[in-house]
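I have placed the structure first, in the form of structure tokens, so that the comments after it can refer back to it.
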Amino acid sequence: MESSSRKGNVDVQPDAGSYNIVISSISPAVKKFYDMGGARRADKILARLESGYLNGYLNGDETLRPDSIIYNQVIDYWAKTQSVRGHFMKARDVLDRQVKMFREEKVRKCRSDVTGYTSVIAACASTYGTVKEKRRSFDMAHLTFMESCAEKYTQPNDVTYGVMFKAVGRLLNNSDEQDKYARTLFKLCCDDGYLGEMAFMRMKAAVSNVVYKELTGGKMYEELPEEWKRNVTKRQKKYDMRKNLAKKGNQLRP
């Protein structure tokens, strides 16, 4: 389609929807073969869309205008591509381009949301490597989380807190630092009413037994105050309910 367009065929012109379809078609490959270059291909396609829009916009053509859905897809692909060194930086780069497209190019459909920020933090949390590399990744996760907190449309949700606790547990090398950071994060999470079961389990894995008992009184997730969970998504609550029913079913088995 791009080739036909370059040759002057006005009847075969790609638009933003065409690029979206192509990027979406890469999703199964990314999930199954996360080290086969799917994220890199999607990022290159997005870059062509960005370039086409910026060049076309000068001539009054907005058919190649990108949106937040496309950016979120590519960020998510990078988050899943753990075999690429520095994949969290690639994810963050896509988010930065999206923010620039919204703020500087005034493309309203490119306004970032919590999904993009959460995916960048997830990319950071899945980083492997040296202590130095993990520290760099954690610093990026922290920066991204703080930026998420600062904007109206990117406020953290239960999933955001969950992957941030994962980052604390996986990336910080010092147990005292893990306890200190997780303690503050847990308070924010509960104050916001976003303590989902994933966030709870990640917190539990990240802290010492002493801090866990300090924060929860040694209680199980279902015993904790509903006020701490009041804004957890319905999808997460259904998942928690099914999980609790399964636990009870196992307890009833002879």
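Residue by residue, here is whether (1) under 17 Å from residue 199 (Cβ atoms); (2) charged (D, E, K, R) holds:
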site	(1), (2)
132	no, yes
136	no, yes
147	no, yes
153	no, no
160	yes, no
164	yes, no
170	yes, yes
181	yes, no
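Here's the yes/no breakdown for (1) in contact with a Phe, Trp or Tyr (Cβ under 8 Å, 6 or more places away or on another chain); (2) basic (Lys, Arg):
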position: 86; (1), (2): no, no
position: 103; (1), (2): no, yes
position: 108; (1), (2): yes, yes
position: 114; (1), (2): yes, no
position: 143; (1), (2): no, no
position: 146; (1), (2): no, no
position: 162; (1), (2): no, no
Condition met for residue 140 (under 14 Å from the mean Cα position of the chain (by Cα), of a type outside the set (S, T, N, Q) and assigned to a helix (DSSP H, G or I)): yes
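Quick check on this structure: which one of 99, 84, 114, 94 is among the hydrophobic types (A, V, I, L, M, F, W, C) and modelled with pLDDT under 95? Steps first, answer last, please.
On the way: 99 fails: modelled with pLDDT under 95; 114 fails: modelled with pLDDT under 95; 94 fails: modelled with pLDDT under 95.
Answer to the check: 84.
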Within region 182-199, can one find any residue that is surrounded by fewer than 14 Cβ atoms within 10 Å (Cβ to Cβ), farther than 12 Å from residue 88 by Cβ and in contact (Cβ under 8 Å) with a residue 12 or more places away in the chain? no
Can you spot a residue in region 104-116 that is farther than 20 Å from residue 56 by Cβ, buried (at least 21 other Cβ atoms within 10 Å of the Cβ), in contact with a helix residue (DSSP H, G or I) (Cβ under 9 Å, 6 or more places away or on another chain) and free of Cβ contacts under 8 Å to residues at least 60 places away in the same chain? yes
Residue selected from region 1-37 under the condition at pLDDT 65 or above and among the aliphatic types (A, V, I, L, M), by the criterion surrounded by the fewest Cβ atoms within 10 Å (Cβ to Cβ): 21
Restricting to region 67-93, and then to whatever is farther than 17 Å from residue 48 by Cβ and free of Cβ contacts under 8 Å to residues at least 40 places away in the same chain, can you tell me which residue is surrounded by the fewest Cβ atoms within 10 Å (Cβ to Cβ)? 86
Residues (outside any helix (DSSP H, G or I) and either free of Cβ contacts under 8 Å to residues at least 24 places away in the same chain or crowded, with 20+ Cβ neighbours inside 10 Å (or both)) located in region 200-212: 207
Test of understanding: among 99, 120, 163, which residue is in contact with a Ser or Thr (Cβ under 8 Å, 6 or more places away or on another chain), in a helix (DSSP H, G or I), surrounded by fewer than 24 Cβ atoms within 10 Å (Cβ to Cβ) and β-branched (Val, Ile, Thr)? 99
Farther than 28 Å from residue 129 by Cβ, in contact with a helix residue (DSSP H, G or I) (Cβ under 8 Å, 6 or more places away or on another chain), among the small types (Gly, Ala, Ser) and modelled with pLDDT of 95 or more: which single residue out of 169, 162, 193 fits that description? 193
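The values are calculated or read from the model by the stated rules, or taken from the named source; none is laboratory data. As the structure is a computational prediction, the values presented were derived from the model and not from experiment. Please note: Cβ atoms are built from the backbone with ideal geometry, for glycine as well, and neighbour counts cover all protein chains shown.
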